[in-house]
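Below: one structure, written as structure tokens.
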Amino acid sequence: MLPDIADLDREDELTPYRDLFVDNGTVYLNGNSLGKMPVHAIELMREVVEREWAHGLISSWYSKWLKRPQDIASKLAAFLGVSPDEIFIGDSTSINLYKLIFGALSYQKKRAEVLMDDLNFPTDYYVLKGILEESFVGHVQKTIASKDGVCGDEDGLVEAITENTALVFLSQVTYKSAFMYDMHRINQKAKEKGALVLWDLSHSVGSVPLDLQGSNTDLAVGCLYKYMNGGPGSPAFLYVRKDLQEKIINPIKAWFGHKNGFAFSPEFEPHAGIQKFAVGTPGMLSLSATEPGIDLMNQVGIHRLREKSIKLSEYFIGQFYDRLESLGYGLESPKETNKRGSHLTLSHEFSDKIYKALSHPQDSSKKPVVCDFRPPNLLRFGIAPIYISFHDIALCIGRLEEIILDQEYKNII
Ligand SMILES: *Cc1c(COP(=O)(O)O)cnc(C)c1O
């Protein structure tokens, strides 16, 4: 490959981390959907399964498992720069969205409007719609549409926050284009008007620096199986700012959120602090598997990750203009670095065929490139800087170019 690429990888201080993830033989650019597996997770899971589960059985709850959710939450809190007692890990992102949307609307009793954009992830709309239909009849969802389908209308949103706004609910980095909102700006306007803000950080955590305390964030949720490499369907996290924890209810009242669940009392009394957002018995296998990914991300730190993500993305974009734009590809992510998370989206008339040619090259000497295809015509490339190299990007660009130049896509049915 190009010698300057080899130099960039050699000089990159994150290069050694690449070998701490299992190599599946592909150029893996889908870490924004499911991150790679840390090598250490194999050994750890063997320990959890063989020793803790098989041999320890019930005793492992007392000796290890009951405190593990909070131990891992503390590591994530350190990564995010918040207090350990502001993070709960457990349940899925969708379930945590349910808890916090419901809790926020219950708190904001006199306000009936939820403000959103049209770039959020589908489950976010479904959960909100369900809550409004089943439990908050009369509330309305107000949508501030994106003008181009790529960038959110941040000015429009800020203007639309009023005394009627109960909740502003957005993905900080949007899943399609990686457009990134300015949390400080939206939080500040919401604060002035007395609205709450719920941020979905699924595409932000591990990809961009977040200052939840400095930006005065109220509520947030996010996935750990994307950039945090926590494993398929790993538990999600939830953030509630300290002073809001007593005010926001958890609508799912269950024994792990009870003040003293093991007293088996017939009356429900919520736990103090963040623990009240727990529901039932944590899935210990998937929870345990999140730790190696969080540890590695903590070792590198978000600022070095972001720095490398920007370099890789700028290299990708430079190559796009030089070699791909003239072949019918379009760039569907914001061009400005400070408006973008860590994935890049391209469009092409033949995206579905290009996607197949990338992942299953007919010439078996070519390395498969794994990205994802979003109908009708989008290809998303996740740039997870902890294990992606400049060489990976160069290979991907080379394939995107030759699939069109050699008309490879025409052989795909
Ligand atoms: C990935 C993702 C989810 C996924 O939710 P699950 O409950 O884990 O399936 C939700 N919201 C956003 C913004 C996402 O990117």
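Miscellaneous remarks
- Over the range 303-413, relative contact order from alpha-carbon pairs under 8 Å, at least 6 apart, %: 33 percent
- The chain: DSSP helices with Cα axial extent of at least 24 Å and average Kyte-Doolittle hydropathy no lower than 0.0: 284-300
- Here the range 147-191 and the range 86-112 have alpha carbon centers that stand 18 Å from each other.
- Per residue, the convex hull volume that the Cα atoms of the range 103-167 enclose (Å³): 80 Å³
- At the listed q of 0.11, 0.21, 0.26 Å⁻¹, the Debye profile of the range 318-413, built from one uniform point per Cα, gives log10 I(q)/I(0) equal to -0.30, -1.14, -1.72.
- For Ser234, residues with placed amide H under 5 Å, excluding near neighbours: Tyr225
- Hydrodynamic analysis of the range 11-68 uses the Kirkwood radius over alpha carbon pairs. Inserted into Stokes-Einstein at 20 °C and 1.002 mPa s, it gives a translational diffusion coefficient of 154 µm²/s.
- Calculated P(r) tail over 41 Å for the chain, as whole % of Cα pairs: 18 percent
- Value of [θ]222 nm, deg cm²/dmol, for the chain, DSSP H segments ≥ 4, -39500 (n - 2.57) each, nearest 500: -10500 deg cm²/dmol
- log₁₀ of I(q)/I(0) at q = 0.22, 0.29, 0.30 Å⁻¹ - the range 363-403, Debye sum with one point per alpha carbon: -0.84, -1.16, -1.18
- Potential extension, Lys242-Asp211 segment - 0.36 nm per residue separation minus Cα distance: 9.7 nm
- Residues considered: Leu400, Leu115, Leu57. Largest GNM mean-square fluctuation over the chain, using C-alpha springs under 10 Å, is found at Leu57.
- Cα-derived Rg to Rh of the range 261-357, Kirkwood definition: 1.23
- Taking amide H atoms as placed 1.01 Å from N in the peptide plane, the amide H of Val168 lies under 5 Å from those of Leu115, Leu196, Val197, Leu198, each 5 or more residues away in sequence or on another chain.
- For the range 200-263, the relative contact order is 27 percent, taking Cα pairs closer than 8 Å that sit 6 or more residues apart in sequence and dividing their mean separation by the residue count.
- Candidate residues His40, His271: accessible-area rank, largest first, probe 1.4 Å: His40, His271
- Entry comment: accessible area of the chain is 43 Å² per residue, from protein heavy atoms only and a probe of 1.4 Å.
- Length-normalised contact order for the range 140-208 - Cα pairs under 8 Å, 6+ apart - percent: 35 percent
The values are calculated or read from the model by the stated rules, or taken from the named source; none is laboratory data. This is a predicted model, so every value here is computed, not measured. These area figures cover heavy atoms from the full protein model, side chains too; ligands, DNA and RNA do not enter into them. Shrake-Rupley method; radii C 1.70, N 1.55, O 1.52, S 1.80 Å.
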